[in-house]
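Student: Below: one structure in structure tokens.
The values are calculated or read from the model by the stated rules, or taken from the named source; none is laboratory data. As the structure is a prediction and not an experimental result, all values here were calculated from the model. Backbone-built Cβ (ideal geometry, glycine too); neighbour counts: all protein chains shown.
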Amino acid sequence: MIRRRQPIRRSSKSIQRRSGRPKRKARIKRPKALSRRWLENVADRVFSLFIRSRRRCEKRCGRELEVTELQASHGIGRAYKATRYDEKNVMASCPQEHQAFTWRPYEFRDYLVEKWGQAEFDRLWAKAQEGVRLGYAPDYIDLIRRYWSREEVQGALFESSERVQKNLTRDVEKALKSVALGADES
Ligand SMILES: [Zn+2]
């Protein structure tokens, strides 16, 4: 038996990969607190709770699902700010249909016409485009305040994970406090 005179040195350093440099962790860039993008994200999360509080998939399957099983799905895409928080344009959806339609935008458009009727589709599409033309920007803080106070939103929040409850409550409070301090938008 070979005996070592000295024990093998161990360090807490990670082992160098053979294939060159160690991988750098992909860093997710978070928008700065209270920036326009940050407020939009908070407004999205609050509005999503409102949509998901409908507790059933509003697409073809129509299944009754838990708040946490549903996703908020935009008919006319989120890029169009004027319809981003439109209660008709945003549907509660099961993840399966959300994904299937995301990959089939032309079928989705046909589906929306079938679901809403041509006149209603045209109205929302016009609203979306008008927003682009006018450079419409949602008042995120107002949106957050209005939806946060809705009973449906608080109910849906209550059914969400503890982490979601904690983080969203913290961010909403930060957003609403910023108005009180006069630090609105950036
Ligand atoms: Zn569905």
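Student: Would you confirm whether or not segment 140-153 contains a residue that is more than 16 Å from the ligand (Cβ to nearest atom), touching a Ser or Thr at 6+ places or on another chain (Cβ under 6 Å) and at pLDDT 95 or above?
Tutor: Yes, segment 140-153 contains a residue that is more than 16 Å from the ligand (Cβ to nearest atom), touching a Ser or Thr at 6+ places or on another chain (Cβ under 6 Å) and at pLDDT 95 or above.
Student: List pairs: first residue in segment 163-176 and surrounded by 11 or more Cβ atoms within 10 Å (Cβ to Cβ), second residue of a type in the set (Lys, Arg) anywhere in the structure, Cβ distance under 9 angstrom, at least six positions apart or on different chains.
Tutor: What qualifies is Val164/Arg45; Asn167/Arg45; Leu168/Arg45; Asp171/Arg45; Val172/Arg45; Val172/Arg145; Ala175/Arg145; Leu176/Arg145.
Student: Separate question: Away from the ligand (no atom under 13 Å from the Cβ) and either modelled with pLDDT of 95 or more or out of contact with any Lys or Arg (no Cβ under 6 Å at 6 or more places or on another chain) (or both), is that true of Arg18? Please lay out each step first, then the result.
Tutor: Values: away from the ligand (no atom under 13 Å from the Cβ): yes; either modelled with pLDDT of 95 or more or out of contact with any Lys or Arg (no Cβ under 6 Å at 6 or more places or on another chain) (or both): yes.
So Arg18 passes the test.
Student: Another question, then. Return the pair list, or none, for Cβ contacts closer than 7 Å from residues in segment 102-126 that are more than 16 Å from Lys59 (Cα to Cα) to residues that are surrounded by fewer than 15 Cβ atoms within 10 Å (Cβ to Cβ), at least 6 apart or on different chains.
Tutor: Leu124/Lys88
Student: Tell me yes or no: at least one residue of segment 171-181 is of a type outside the set (S, T, N, Q), part of a loop (DSSP other than H, G, I, E, B) and more than 22 Å from Val46 (Cα to Cα). Before the answer, list the steps.
Tutor: Within segment 171-181, the first condition is being of a type outside the set (S, T, N, Q), and the residues that meet it are 171-177, 179-181.
When the remaining residues are screened for being part of a loop (DSSP other than H, G, I, E, B), the result is 181.
Checking the rest, the ones that are also more than 22 Å from Val46 (Cα to Cα) come to none.
For segment 171-181, residues of a type outside the set (S, T, N, Q), part of a loop (DSSP other than H, G, I, E, B) and more than 22 Å from Val46 (Cα to Cα): absent.
Student: I've got another one for you. Give me a count of the residues in segment 62-97 that are buried (at least 21 other Cβ atoms within 10 Å of the Cβ), of a type in the set (Gly, Ala, Ser) and not in a strand (DSSP E or B).
Tutor: Within segment 62-97, residues that are buried (at least 21 other Cβ atoms within 10 Å of the Cβ), of a type in the set (Gly, Ala, Ser) and not in a strand (DSSP E or B) number 2.
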